[in-house]
Amino acid sequence: MAVAATDIRADFPVLAREINGHPLVYLDSAASAQKPRAVIEAMERFYSESYGTVHRGVYELGREATELFEGARERIAAFVNWDPVCSIFTRNATEAINLVAYSWGRENVGPGDEVLITEMEHHSNIVPWQLLCEETGARLRYVSVGDSGELSLDELDSVLASGRVRLFAFAHVSNVLGTINPVEELVRRARAAGAVTVIDGAQAVPQMPVDLGAIDADFYAWTGHKALGPATGLLHGRRELLKQMRPFLGGGHMISRVEREHSTWNELPWKFEAGTNAIAEAIGLGAAIDYLSSIGMDAVRRHERELTAYALERLPEVEGLTLYGPSDPDRRGGVISFSIEGMHPHDIAELCDREAVCVRAGHHCAQPLMRCLGVGATARASFHVYNVREDVDRLVDALGRAREVFGL
Amino acid sequence: MDALYRDYILDHYKNPRNFGELDPHDLEFHDHNPLCGDELGVHIVVEDGRVADLRFHGQGCAISQAAASITSDELIGLPVSEVPELDADWVIDQLGIEISPTRRKCALLGLKVMRGATTGDPSWPE
């Protein structure tokens with residue numbers, strides 16, 4: 001095991017729980033991850049000792065809160081190798097993507113232009129672009145997902161060859177297939193064709209080293225709650241673009257000066273942070289990335305890869321089970337979608353829950369991808385640092401018993 | 001025996017009654033459960049103001065399919081005007097199992113489309 005899992009598990013209070021008389025097996029970290037004590041305590045300490053709002057107070061609490069908040073921003077930005085000034089706190093990854101769609105998209109996309117996404121996107125990286133295209137008269141296009149669960153670079157090139165693609169938005173890691181997309185290559189090709197790139201990194205940052213300097217995308221969105229932190233999101237953007245863009249939300253904190261008829265904007269990143277921030281959440285996320293850094297993201301990735309490989313080996317022991325996504329664990333993250341013939345994913349999840357095995361069932365906010373796969377829904381197991389091989393064993397056992405209940 | 005997946009529930013899931021399509025038909029409706037993407041459609045033939053025949057189609061979990069199957073049997077022969085009066089309690093009573101809040105919409109999708117076919121109203125039964 002790449003990570004000393006026993007020590008790690010003791011850091012997560014919720015793992016001490018029993019449900020229906022069974023020790024908890026949490027396999028839904030791709031939806032939202034559990035929190036280590038370090039995160040819970042950092043937030044509790046802030047609320048107990050230093051709470052105040054940021055960038056306002058002349059008093060000590062205001063100073064402490066601002067230092068903790070901006071300190072968290074600096075460490076979070078360093079964690080993904082990006083400039084903190086160009087790292088904006090949002091509510092979540094969805095809001096980060098919407099920020100780009102509104103502030104950059106409304107100014108830079110028009111009739112006849114094309115907005116390109118892929119068939120493996122989460123709804124949060126589909127619907128903002130549908131809205132943008134409806135408003136601007138642009139055309140929404142998709143790069144298809146092949147049988148291997150991967151994107152075709154040749155197809156990408158042929159779409160980009162139209163010369164009309166203004167923006168290409170894609171997932172770093174698929175939340176359904178687990179596919180790790182070749183993001184540097186995708187960015188390079190899109191940029192060569194004159195398209196701005198937006199990456200949905202919600203499934204990547206929590207489980208693998210992410211170097212935004214090397215990826216070099218124009219915008220990169222992710223969220224803290226999948227990365228062992230609380231629910232607060234991040235948008236990292238290229239400075240020239242962020243400077244040119246109009247604000248997303250108007251209000252307090254994002255202004256420099258407000259006249260009766262018009263206003264001027266605060267500097268980056270605050271120009272895009274209207275209203276009071278989720279301060280404790282930012283500080284909690286700072287603690288989460290400190291925790292992940294202490295393990296090391298290379299070790300986290302090795303752990304995820306090893307568990308994924310083990311699950312890919314064991315799950316086919318369940319009769320009638322179909323796996324989705326790339327078969328090579330080097331090409332996928334710690335999320336595995338599957339179905340079982342004769343059982344709907346809802347029923348699979350319900351019966352797993354009887355044994356305290358938490359798996360997700362449904363369309364995973366990726367309905368266009370479900371249609372590509374020819375299914376209405378899948379069951380999904382996903383891993384984080386606190387999962388162990390025994391969790392996969394418990395899942396396989398639970399699936400076997402679920403089949404028995406269904407008389408399969 | 002399992003408290004939720006009782007033999008008759010699984011029987012209706014595996015061998016749904018009145019499953020398929022009816023052409024021609026007088027009434028139809030199609031809808032889905034936005035939480036899980038399950039889809040269900042219904043075709044109804046009306047004679048003398050009553051549901052003379054009915055078929056439902058689509059895909060879903062054991063609870064949604066069994067609920068649609070069990071209630072479809074009850075609907076045949078009923079005056080069309082009485083279908084909108086059927087409510088959530090009626091469905092759950094017909095199912096004969098306890099339905100947790102997370103599975104409530106699964107159980108109600110069938111009645112939702114059957115009522116929708118008679119009224120055009122897509123709201124969830126209460």
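The values are calculated or read from the model by the stated rules, or taken from the named source; none is laboratory data. Just so it is clear, the structure is predicted and the values come from calculations on it, not from any experiment. Counting neighbours? That spans all protein chains shown, and the Cβs are built from the backbone with ideal geometry, glycine included.
A few points about this structure:
- Residue under evaluation A:Met120, criteria (1) touching an Asp or Glu at 6+ places or on another chain (Cβ under 6 Å); (2) under 30 Å from A:Glu304 (Cβ atoms), criterion not met: (1)
- Residues (away from every other protein chain (no Cβ under 14 Å) and touching a helix residue (DSSP H, G or I) at 6+ places or on another chain (Cβ under 9 Å)) located in segment A:331-349: A:Arg332, A:Gly333, A:Gly334, A:Val335, A:Ile336, A:Phe338
- Any helices (runs of 4 or more DSSP H) falling wholly within segment A:1-85 and containing at least 1 residues that are under 30 Å from A:Glu355 (Cα atoms), hydrophobic (A, V, I, L, M, F, W, C) and touching a residue at least 12 places away in the same chain (Cβ under 8 Å): A:5-10, A:37-45
- Conditions (1) within 14 Å of another protein chain (Cβ to nearest Cβ); (2) out of contact with any Leu (no Cβ under 6 Å at 6 or more places or on another chain); number of the one not met by A:Glu319: (1)
- Taken over segment B:38-53, the criterion of being surrounded by fewer than 22 Cβ atoms within 10 Å (Cβ to Cβ) and either modelled with pLDDT under 95 or hydroxyl-bearing (Ser, Thr, Tyr) (or both) is satisfied by B:Glu39 alone.
- Residue that is farthest from the chain's Cα centre (by Cα) [pool: residues in segment A:94-132 that are farther than 24 Å from A:Ser144 by Cβ and outside any helix (DSSP H, G or I)]: A:Pro111
- Test: residue in segment A:229-246 that is within 30 Å of A:Ile40 (Cβ to Cβ) and out of contact with any strand residue (DSSP E or B) (no Cβ under 8 Å at 6 or more places or on another chain): yes
- Residue in segment A:363-372 that is in a helix (DSSP H, G or I), away from chain B (no Cβ under 14 Å) and of a type in the set (Lys, Arg) present: no
- Annotation note: Cβ proximity below 9 Å between a residue of segment B:35-52 that is within 14 Å of chain A (Cβ to nearest Cβ) and a residue that is hydroxyl-bearing (Ser, Thr, Tyr) (sequence gap 6+ or interchain) occurs for B:Leu35/B:Thr102; B:Cys36/B:Ser64; B:Asp38/B:Ser64; B:Leu40/B:Ser64.
- Selection count, segment A:194-207, where residues are in a strand (DSSP E or B) and not aliphatic (A, V, I, L, M): 2
- Residues of segment A:360-386 classified as β-branched (Val, Ile, Thr) and crowded, with 24+ Cβ neighbours inside 10 Å, total: 2
- Residues of segment A:253-284 that are loosely packed, with under 13 Cβ neighbours inside 10 Å and among the polar types (S, T, N, Q): A:Ser256, A:Thr264.
- Pick from segment B:10-34, criterion assigned to a helix (DSSP H, G or I) and under 14 Å from the mean Cα position of the chain (by Cα), ranking: farthest from the other protein chains (Cβ to nearest Cβ): B:His12
- Segment A:185-210, residues that are under 19 Å from A:Ile97 (Cα atoms) and not aliphatic (A, V, I, L, M): A:Arg191, A:Thr197, A:Asp200, A:Gly201, A:Gln203, A:Pro206
- Residues satisfying the stated conditions in segment B:90-122, i.e. over 19 Å from B:Leu78 (Cβ atoms), of a type outside the set (A, V, I, L, M, F, W, C) and more than 14 Å from the chain's Cα centre (by Cα): B:Gly96, B:Glu98, B:Ser100, B:Pro101, B:Thr102, B:Arg103
Residues are listed down the side, and each one gets a yes or a no for (1) among the small types (Gly, Ala, Ser); (2) closer than 16 Å to A:Phe219 by Cβ; (3) surrounded by 18 or more Cβ atoms within 10 Å (Cβ to Cβ); (4) at pLDDT 95 or above:
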{"residue": "A:Asn20", "(1), (2), (3), (4)": "no, no, no, no"}
{"residue": "A:Pro23", "(1), (2), (3), (4)": "no, no, no, yes"}
{"residue": "A:Ala42", "(1), (2), (3), (4)": "yes, no, yes, yes"}
{"residue": "A:Arg45", "(1), (2), (3), (4)": "no, no, no, yes"}
{"residue": "A:Tyr51", "(1), (2), (3), (4)": "no, no, no, yes"}
{"residue": "A:Asn81", "(1), (2), (3), (4)": "no, yes, no, yes"}
{"residue": "A:Cys86", "(1), (2), (3), (4)": "no, yes, yes, yes"}
{"residue": "A:Asn98", "(1), (2), (3), (4)": "no, yes, yes, yes"}
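- Only one of the numbered conditions (1) more than 11 Å from chain B (Cβ to nearest Cβ); (2) touching a residue at least 12 places away in the same chain (Cβ under 8 Å) is not met by A:Asp328, and that is (2).
- Segment A:350-362, residues that are in contact (Cβ under 8 Å) with a residue 60 or more places away in the chain, at the interface with chain B (Cβ under 10 Å from one of its Cβ atoms) and either within 23 Å of A:His122 (Cα to Cα) or in a helix (DSSP H, G or I) (or both): A:Asp353
- Filter result (away from every other protein chain (no Cβ under 14 Å), surrounded by fewer than 17 Cβ atoms within 10 Å (Cβ to Cβ) and part of a strand (DSSP E or B)) within segment B:54-92: B:Pro79
- Scope segment B:93-126; condition more than 14 Å from chain A (Cβ to nearest Cβ), assigned to a helix (DSSP H, G or I), free of Cβ contacts under 8 Å to residues at least 40 places away in the same chain and of a type in the set (Ser, Thr, Tyr); matching residues: B:Thr119
- Scope segment A:133-143; condition more than 21 Å from the chain's Cα centre (by Cα) and closer than 23 Å to A:Pro182 by Cβ; matching residues: A:Leu140, A:Arg141
- Meets criteria (among the acidic types (Asp, Glu), over 30 Å from A:Tyr142 (Cα atoms) and touching a strand residue (DSSP E or B) at 6+ places or on another chain (Cβ under 7 Å)) for A:Asp353: no
- Among the residues making up segment A:145-193, a single one is in a loop (DSSP other than H, G, I, E, B), hydroxyl-bearing (Ser, Thr, Tyr) and under 26 Å from A:Thr90 (Cβ atoms): A:Ser174.
- Residue in segment A:208-229 that is in a loop (DSSP other than H, G, I, E, B), touching a helix residue (DSSP H, G or I) at 6+ places or on another chain (Cβ under 9 Å), at pLDDT 95 or above and charged (D, E, K, R) present: yes
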